[in-house]
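The values are calculated or read from the model by the stated rules, or taken from the named source; none is laboratory data. The shown structure was predicted, so the numbers you read here are calculated from the model rather than taken from an experiment. Cβ sites come from the backbone with ideal geometry, for glycine too, and all protein chains shown count toward neighbours. What goes into the accessible areas is simple: the full protein's heavy atoms, side chains included, and nothing from ligands, DNA or RNA. Shrake-Rupley method; radii C 1.70, N 1.55, O 1.52, S 1.80 Å.
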Amino acid sequence: NLTIGGANNTGSTTIKTNNTDAVTIDSSQNLQFNSGYGSVATAYACRAWVNFNGTGTVAIRGSGNVSSITDNGSGDYTINFTTDMPDVNYSIVAMGGRSSTLKDQGYVLHHSLQVGNFTLETTNTAASLVDYQQPTVAVFR
């Protein structure tokens, strides 16, 4: 185990490379780093993500902090978190494709944000719910 700052550290902890601040954990436990942007700033990490098959039997292709997806009907899914969000003030970025060969247009909507899950809907341009072959979602908080 590596401990930096000790058990009684009440300030921030900084890691330097070439005498330049590279990583800081401040007194509020915010992780900050310089990733080539010229200054150390708070990192707002993706708290959950998923790529899934939304047609037929819904199946997760890959995910982080998503335990399961509930198929509520055509184009209507509940995304369930493995670990709850701290509150409902998170942001969702979502998109998807209705098929692998056609560039079909439509909309990906989210609502009913809860700490443990949220609802995702996929539609065609007429706003009718339709299944998407490859919805993808990222959650930030």
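Express in nm, to one decimal, how much length is gained between Ala22 and Arg141 on full extension, taking 0.36 nm for each residue of separation and deducting their alpha carbon distance.
Full extension from Ala22 to Arg141 adds 40.6 nm.
Go ahead and set up a Gaussian network model of the chain, Cα springs under 10 Å, then flag whichever of Val50, Val40, Val130 fluctuates most.
Ranking Val50, Val40, Val130 by mean-square fluctuation puts Val40 first.
Kindly write out, for the stretch 122-132 in residue order, the coupling ³J(HN,Hα) from the Karplus curve 6.51 cos²θ - 1.76 cosθ + 1.60 (θ = phi - 60°), rounded to whole Hz, with x marking Gly and Pro.
With coefficients 6.51, -1.76 and 1.60, one gets 10, 9, 8, 5, 7, 6, 8, 5, 9, 6, 10 Hz.
At 7 Å along Cα-to-Cβ for each site, give me the label-to-label distance between Leu31 and Val58 in nm.
Between Leu31 and Val58, the simple spin-label model gives 2.9 nm.
Tally Lys and Arg at +1 and Asp and Glu at -1 over the other residues with C-beta under 15 Å from the C-beta of Asp76: what net charge comes out?
Taking every Cβ under 15 Å from that of Asp76, the sum is -2.
The stretch 36-70: which chymotrypsin sites (Phe, Trp or Tyr not before Pro) are DSSP loop and have at most 13 other beta-carbon atoms within 10 angstrom?
Here the chymotrypsin sites (Phe, Trp or Tyr not before Pro) that fit, given the DSSP loop and packing criteria, are Tyr37, Tyr44.
Measuring with a 1.4 Å probe in the full set of protein chains, what accessible area per residue, in whole Å², belongs to the chain?
Accessible area per residue, the chain: 62 Å².
Compute, for the chain, the length of the dipole vector about the Cα centre, with Cβ point charges of +1 (Lys, Arg) and -1 (Asp, Glu) only. Units Debye, rounded to 20.
Dipole about the Cα centre, nearest 20: 320 debye.
Could you work out what % of the accessible surface of the chain is carbon and sulfur, using a 1.4 angstrom probe and leaving DNA, RNA and ligands out of the count?
Accessible surface attributable to carbon and sulfur in the chain totals 47 percent.
On the principal axes of its Cα set, how long, how wide and how thick is the chain? Give whole Å, largest value first.
56, 29, 26
With the dipole of the chain worked out from charges on the C-beta (+1 for Lys and Arg, -1 for Asp and Glu) around the Cα centre, which of Asn117, Ala41, Thr136 lies farthest toward the positive end?
Ala41
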